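Encoded as structure tokens, the structure appears first; notes follow it.
Every read-out reported here was derived from the displayed coordinates using simple, explicitly stated rules and does not represent laboratory data. Predicted model only: the values in this text are computed from it and were never measured. Positions of Cβ are backbone-derived with ideal geometry, glycine not excepted, and every protein chain shown enters the neighbour counts.
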Amino acid sequence: MAAQVPGVAGRLETVSGRILDAAREAGREAGAITTVVVTKFHPAALVCELYGLGVRDFGESRHQEAQPKIAELADLHATWHFVGQLQSKKARQVREYSQVLHSLDRESLVDALAGVEPRRVFIQVNLTGDPQRGGAAPTAVDALADRVASTAGLELLGLMAVAPLGAEPREAFARVRGLSERLRERHPTASAMSMGMSGDFREAILEGATHLRIGTAITGNRPEHG
Ligand SMILES: *Cc1c(COP(=O)(O)O)cnc(C)c1O
């Protein structure tokens, strides 16, 4: 008999096991690590399936897709994380349906994200040196953090980063850890680190990640999109 193709449940179990292994290797509590399952390009039905398997934290990255999908899923008691680049004109709408924003990267977004309902934010750091990539330059983090901390309705959780293509992920995440330590001198509660994706979450856990953003390793390949 042919080996069964693992479905979402099997992949979720496999990834959860690998997270436990990495946490043990790092001498950390796996319970202190939040796995955000990134469901971009996948239909609401997949979110429901994952919800049925116990997942409560979901990530989306494109406003035009996330807004209707999350509206359709309003009955779930889920936490929605926005992990994609924030467009200035859409930031206020993204805030409406996302409880956690991972990609704040410039001061001009802060006013749009202010509001009455509290929102948690990560400052995204650009580790590439290429300003076209999302994320604030490491040198811009302090000023941005001060802005967030003094804005009503925003709680600064910490830093978010994507390991640059072709770079050694462990080194990239070690850099984030260093930047996080520096940030905590000014903002002691901003200790969270959103880093680690399907291909590099072990390295991220070893460097102290508190929030993993995992897509394909759990969802399977994303459907074709235009
Ligand atoms: C798509 C995406 C992820 C998940 O990527 P996978 O490689 O599928 O795990 C994580 N973070 C961001 C910002 C993304 O856009």
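In this entry, the chain is assigned a mean projected area of 13.5 nm², taken as a quarter of its C-alpha convex hull surface. Loop-resident chymotrypsin sites (Phe, Trp or Tyr not before Pro) (DSSP state other than H, G, I, E or B) in segment 76-153 with no more than 15 further Cβ atoms inside 10 Å of their Cβ are absent.
Between LEU53 and THR14, the contour length at 0.36 nm per residue exceeds the alpha carbon distance by 12.7 nm. Note that segment 16-26 has calculated 3J(HN,Hα) couplings of 4, x, 5, 5, 4, 4, 5, 5, 4, 4, 7 Hz, one per residue in order, obtained from phi through the Karplus relation 6.51 cos²θ - 1.76 cosθ + 1.60 (θ = phi - 60°); glycine and proline are x.
Shape class of segment 76-159 from the Cα gyration tensor (axes a ≥ b ≥ c, square roots of the eigenvalues): prolate, since a/c reaches 1.5 or more and a/b is larger than b/c. Of VAL121, VAL15, VAL38, the residue with the greatest mean-square motion in the GNM of the chain, using alpha carbon springs below 10 Å, is VAL15. Of all the options LEU206, LEU53, LEU165, the one that moves most in a Gaussian network model of the chain with Cα springs shorter than 10 angstrom is LEU165.
Here the 3J(HN,Hα) profile of segment 127-133, calculated from phi with Karplus coefficients 6.51, -1.76 and 1.60 at θ = phi - 60°, is 9, 9, x, 9, x, 5, 6 Hz, Gly and Pro shown as x. Couplings 3J(HN,Hα) for segment 29-40, derived from phi with the Karplus relation 6.51 cos²θ - 1.76 cosθ + 1.60 (θ = phi - 60°), are 6, 5, x, 8, 10, 9, 9, 9, 8, 7, 10, 3 Hz, where x marks Gly and Pro.
Seen from ALA163, the other residues with C-beta closer than 9 Å to its C-beta sum to a net charge of -3, counting Lys and Arg as +1 and Asp and Glu as -1. Averaging the sequence gap over all C-alpha pairs within less than 8 Å and six or more residues apart, then dividing by the number of residues, gives the chain a relative contact order of 21 percent. Here's how it looks for THR35: its modeled amide H is under 5 Å from those of LEU212, which are all 5 or more places away or on a different chain.
Taken as Cα centroids, segment 1-62 and segment 152-193 sit 22 Å apart, rounded to the nearest whole angstrom. Taken over segment 23-136, the percentage of Cα pairs per 10 Å bin, counting from 0 up to the bin with the maximum distance, is 13, 41, 32, 13, 0. Considering only ALA78, ALA143, ALA114, the Gaussian network model of the chain with Cα springs below 10 Å gives its largest mean-square fluctuation to ALA143. Normalising the average separation of contacting C-alpha pairs (under 8 angstrom, six or more residues apart) by the number of residues puts the relative contact order of segment 1-82 at 26 percent. Can you tally the net charge around ILE214? Count Lys and Arg as +1, Asp and Glu as -1, for every other residue whose Cβ sits under 15 Å from the Cβ of ILE214. Computed value for this residue: +1.
Once C-alpha pairs closer than 8 Å and six or more residues apart are averaged by separation and normalised to the residue number of segment 117-187, the relative contact order reads 34 percent.
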